[in-house]
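This report concerns only the one structure given below.
The values are calculated or read from the model by the stated rules, or taken from the named source; none is laboratory data. If you're wondering where the values come from, they're calculated on a predicted model, not measured in any experiment. So basically every Cβ, Gly included, is an ideal-geometry build from the backbone, and we count neighbours across all protein chains shown. SASA here: full protein model, heavy atoms, side chains in, ligands and nucleic acids out. Shrake-Rupley method; radii C 1.70, N 1.55, O 1.52, S 1.80 Å.
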Amino acid sequence: MTTLQNMIFRHALFVSLAFTSAACFGADTKKSSPEDFIRSLYRFHQPGKDTPNWFDDKRTLSKNFDKELTALFIKDDECAKREQGVCNLDFDPIYDAQDFDKKTTNLQVAAVAGHSELFNVTFTNLGTRTLVYRLTNTPSGWRISDIKYPEGPSLKEILSREIK
């Protein structure tokens with residue numbers, strides 16, 4: 001293979017890989033609605049599905065949470081590893097629960113009137129819960145900047161607590 005043919009082959013391979021990875025990793029997430037973004041999160045993170053723990057994976061976290069929350073998750077995970085136990089987060093933040101049914105049903109996502117960044121997310125899994133998601137539209141698409149739980153502090157408040 002000549003040098004020119006080799007260069008053309010590498011360029012074609014690069015272009016092909018770029019298009020393939022864009023299709024596989026959801027290049028259109030920048031165009032999705034906030035409601036679709038939240039629904040995709042619940043499709044990805046389901047109890048009973050063999051989803052690995054991703055709350056310590058910066059790459060996966062950053063696809064779902066803004067930079068500040070991603071950093072807070074990583075800080076909490078580093079603490080948990082160092083302390084060999086729980087630091088600030090002792091429940092699943094997407095479900096506001098420690099225990100789950102195998103299936104989540106009745107997922108509903110509705111914008112909060114008068115607040116373009118807030119969304120009520122209601123679902124049934126060992127009871128019915130409504131969480132309030134605060135989203136931010138970033139250059140990379142929608143990201144969660146906080147989750148307010150029915151009782152107690154928000155996710156950001158929990159993760160922002162001083163770690164011993």
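Some observations on this one:
- Filtering the stretch 132-153 to residues that are under 22 Å from D36 (Cα atoms), charged (D, E, K, R) and open to solvent by 60 Å² or more (accessible area, probe 1.4 Å) leaves R134, K148.
Here's the yes/no breakdown for (1) at pLDDT below 95; (2) aliphatic (A, V, I, L, M); (3) touching a Ser or Thr at 6+ places or on another chain (Cβ under 8 Å); (4) surrounded by 12 or more Cβ atoms within 10 Å (Cβ to Cβ):
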| site | (1), (2), (3), (4) |
| --- | --- |
| T104 | yes, no, yes, yes |
| H115 | no, no, no, no |
| T130 | no, no, yes, yes |
| L155 | no, yes, no, yes |
| E162 | yes, no, no, no |
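- For K30, the criteria (1) at pLDDT below 90; (2) open to solvent by less than 60 Å² (accessible area, probe 1.4 Å) hold in every case but one, which is (2).
- A110 vs. criteria within 17 Å of Q46 (Cβ to Cβ) and of a type outside the set (K, R): no
- Yes/no for S116 being under 21 Å from S145 (Cβ atoms), within 16 Å of the chain's Cα centre (by Cα) and small (G, A, S): no
- Exactly one residue out of Q98, Q84, Q108 is in contact with a strand residue (DSSP E or B) (Cβ under 9 Å, 6 or more places away or on another chain) and at pLDDT below 95, and it is Q98.
- Of all residues in the stretch 71-95 being surrounded by fewer than 20 Cβ atoms within 10 Å (Cβ to Cβ) and in contact with a helix residue (DSSP H, G or I) (Cβ under 8 Å, 6 or more places away or on another chain), the one that is nearest to T122 (Cα to Cα): L89
- Taking the stretch 117-128 as the range and being open to solvent by less than 50 Å² (accessible area, probe 1.4 Å), more than 15 Å from N64 (Cβ to Cβ) and in a strand (DSSP E or B) as the test, the residues that pass are L118, T122, F123, T124.
- Of the residues making up the stretch 140-160, those that are free of Cβ contacts under 8 Å to residues at least 60 places away in the same chain and under 16 Å from F65 (Cβ atoms) number 5.
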